[in-house]
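> Supplied in structure tokens, the structure appears directly below.
The values are calculated or read from the model by the stated rules, or taken from the named source; none is laboratory data. Not measured: the values here are computed from a predicted model. Methodologically, a virtual Cβ is constructed for each residue, glycine included, from the backbone with ideal geometry; neighbour enumeration extends over all protein chains shown. In case anyone asks, the SASA skips ligands and DNA or RNA and just uses the protein heavy atoms, side chains included. Shrake-Rupley method; radii C 1.70, N 1.55, O 1.52, S 1.80 Å.
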Amino acid sequence: MKFKKKYLGFLCIILCLIIVGRTFISVKGIENSDKLVIQLAHNQAAGSEIAETIAKFSEFTKEESNDTINVKIFASGVLGTESSEVEMVQAGILDMAKVSSNTLGQFDDRYAIFSIPYLFQSQEHYYTAMRESSEIKNLFTDTREYGFIAIGYYANGSRNFYLKEDKAVTDPSVLSGLKIRSMASTTSMDTIEKMGGTPVPMASSETYASLQQGVVDGAENTELALTVDGHEDLVKSYTYTEHQFSPDIFIISTKTWDKMTEEQRQCLITALEETNDNFVSVYNDMMAEAIEEAESKGVHVYRDIDKTAFIEAVQPIHEEFCAKGEEYKALYDDIQSYAN
């Protein structure tokens, strides 16, 4: 079985190499030979608001580099799952990928910190820590031994609970007996259990049908899941539990990074900072529009709830992370130092 899995994984990489290689050759055929071409993959649906925001990275890079760096973007997961994209970056087949911090937790367990519920006390705490934390910066570069480093992020929003019935999620008793769609990660499933629900792990693409068929009673995600994924047609309530703020991370292959000049590297970093600043500036408006649309479809939105019971319920997850070792606790403590 292990041999078969390795063989299939190797075959997947070879097929993706053929796809990317053909595209790379065609791109090289129309670009100047002295122009650096960077290939970036992500799994956001092409044409979506977030995909359009990521596309600005290509524009910003072109401006920063005086049109000497060209970022080619593969959207909609055309090169496979996020895990596959990371593996291709590791192998140097793909230059860059935008993936969730949850996915990176499969490659370096410290990234699981971003799955900890109520790690961040507020959106402001989240933005400040992501921008200033020296320990987060260390985490971004410590994965060099795995064939990639992180050079940027965008501050995705908070995850909140929504249910098929009109009920405010105010404490663990509300979720008791309810089946809640979960990401396929230990921390995410543990979070839902600690907050009172029964986690049902599945891909995000399966959530709509599962809500429709009664496989799950609800889910937890950002406001865009209601509109972009159409869940507003199936649920009756959305509660701002704000239990998780998890960034999406831009990683780059060390094989690509090591071939670049310092000036080229700085162009990418600056462009990613501009991309994130642009996203932050429009994010709240995007979420407000999504909620307004969901409310027009009959979704009852519960905003200012007392989160104390939830915060207390998930403290064992915080303690378990810190108990993993000194570097885990140092990362945790540094992030907490930026709280209001």
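> So, in the range 208-240, of the ones that are of a type in the set (V, I, T) and at pLDDT below 95, which residue ends up nearest to the chain's Cα centre (by Cα)?
Result: T222.
> Any residue in the range 323-340 that's closer than 21 Å to F245 by Cβ: show its pairings with residues that are open to solvent by 80 Å² or more (accessible area, probe 1.4 Å) and outside any helix (DSSP H, G or I) at Cβ separation under 7 Å, as long as the two are six or more apart or on different chains.
Every condition considered, the pairs that remain are A339/Q121; N340/Q121.
> Would you mind telling me which numbered condition in (1) over 22 Å from E263 (Cα atoms); (2) open to solvent by 10 Å² or more (accessible area, probe 1.4 Å); (3) under 18 Å from the mean Cα position of the chain (by Cα) Q90 fails?
So Q90 meets the others, but not (3).
> While we're here: Every residue in the range 207-217 that is out of contact with any Gly (no Cβ under 7 Å at 6 or more places or on another chain) and on the phi < 0 side of the Ramachandran plot, please.
Hits for the range 207-217 are T207, A209, S210, L211, Q212, Q213, V215, V216, D217.
> Still on this structure, please answer the following. Could you name every one of the strands (runs of 3 or more DSSP E) located completely within the range 188-246 that has at least 1 residues being out of contact with any His (no Cβ under 9 Å at 6 or more places or on another chain), in contact (Cβ under 8 Å) with a residue 12 or more places away in the chain and open to solvent by 10 Å² or more (accessible area, probe 1.4 Å)?
Because the criterion is at least 1 residues that are out of contact with any His (no Cβ under 9 Å at 6 or more places or on another chain), in contact (Cβ under 8 Å) with a residue 12 or more places away in the chain and open to solvent by 10 Å² or more (accessible area, probe 1.4 Å), the strands (runs of 3 or more DSSP E) in the range 188-246 that meet it are 198-201, 237-245.
> Within the range 247-272, restricting attention to residues that are farther than 14 Å from V89 by Cβ and touching an Asp or Glu at 6+ places or on another chain (Cβ under 7 Å), which residue is surrounded by the fewest Cβ atoms within 10 Å (Cβ to Cβ)?
T270
> With respect to K164, determine if the residue is open to solvent by 10 Å² or more (accessible area, probe 1.4 Å) and touching a residue at least 60 places away in the same chain (Cβ under 8 Å).
yes
> If we scan the range 247-254, do we find a residue that is in a helix (DSSP H, G or I), assigned by the TED database to the domain that holds I116 and touching a helix residue (DSSP H, G or I) at 6+ places or on another chain (Cβ under 9 Å)?
Yes, because at least one residue in the range 247-254 is in a helix (DSSP H, G or I), assigned by the TED database to the domain that holds I116 and touching a helix residue (DSSP H, G or I) at 6+ places or on another chain (Cβ under 9 Å).
> Residues of the range 273-301 being open to solvent by 50 Å² or more (accessible area, probe 1.4 Å) and among the aromatic types (F, W, Y), which ones?
Across the range 273-301, there are no qualifying residues.
> For N32, are the conditions met, namely being modelled with pLDDT under 95 and farther than 20 Å from N221 by Cα?
Spelling it out, N32 is indeed modelled with pLDDT under 95 and farther than 20 Å from N221 by Cα.
> I would also like to ask the following. Any chance you could count how many residues in the range 143-187 are in a strand (DSSP E or B), among the aromatic types (F, W, Y) and farther than 24 Å from Q121 by Cα?
The number of residues fulfilling the criteria is 1.
> Something else now. Which one is modelled with the lowest pLDDT among residues in the range 241-272 that are in contact with a strand residue (DSSP E or B) (Cβ under 7 Å, 6 or more places away or on another chain) and within 16 Å of K56 (Cα to Cα)?
By that ranking, first place goes to D248.
> To continue, here is another question. Mind listing whichever residues of the range 89-134 are in contact with a strand residue (DSSP E or B) (Cβ under 8 Å, 6 or more places away or on another chain) and of a type in the set (D, E, K, R)?
The answer is D95, K98.
> Being open to solvent by 20 Å² or more (accessible area, probe 1.4 Å) and touching a Pro at 6+ places or on another chain (Cβ under 9 Å) is the filter here, so list the residues in the range 167-187 that pass it.
Those that are open to solvent by 20 Å² or more (accessible area, probe 1.4 Å) and touching a Pro at 6+ places or on another chain (Cβ under 9 Å): K179, M183, A184, S185, T187.
> Okay, next question. With (1) over 12 Å from I251 (Cα atoms); (2) open to solvent by 30 Å² or more (accessible area, probe 1.4 Å); (3) basic (K, R) as the list, and R159 as the residue in question, which single condition is left unmet?
(2)
> Please specify each residue of the range 296-340 satisfying the condition of being of a type in the set (S, T, Y) and closer than 24 Å to F161 by Cα.
S296, Y302, T308
> Next question, about the same structure. Within the range 96-146, can you find the residues that are in contact (Cβ under 8 Å) with a residue 24 or more places away in the chain, charged (D, E, K, R) and open to solvent by 20 Å² or more (accessible area, probe 1.4 Å)?
Once the filter is applied, which keeps residues that are in contact (Cβ under 8 Å) with a residue 24 or more places away in the chain, charged (D, E, K, R) and open to solvent by 20 Å² or more (accessible area, probe 1.4 Å), the range 96-146 yields D109, R110, E124, E132, E135, D142, R144.
> Would you mind finding the one in E85, E59 that is in a helix (DSSP H, G or I), of a type in the set (D, E), in contact with a strand residue (DSSP E or B) (Cβ under 6 Å, 6 or more places away or on another chain) and at pLDDT 95 or above?
Just a single option satisfies the conditions, and that option is E85.
> What are the pairs with Cβ atoms under 9 angstrom where one residue, in the range 52-72, is at negative phi and the other, located anywhere, is part of a strand (DSSP E or B) and among the hydroxyl-bearing types (S, T, Y)? Sequence gap at least six, or different chains.
That search, which allows pairs on different chains as well, returns T53/Y154; I54/Y154.
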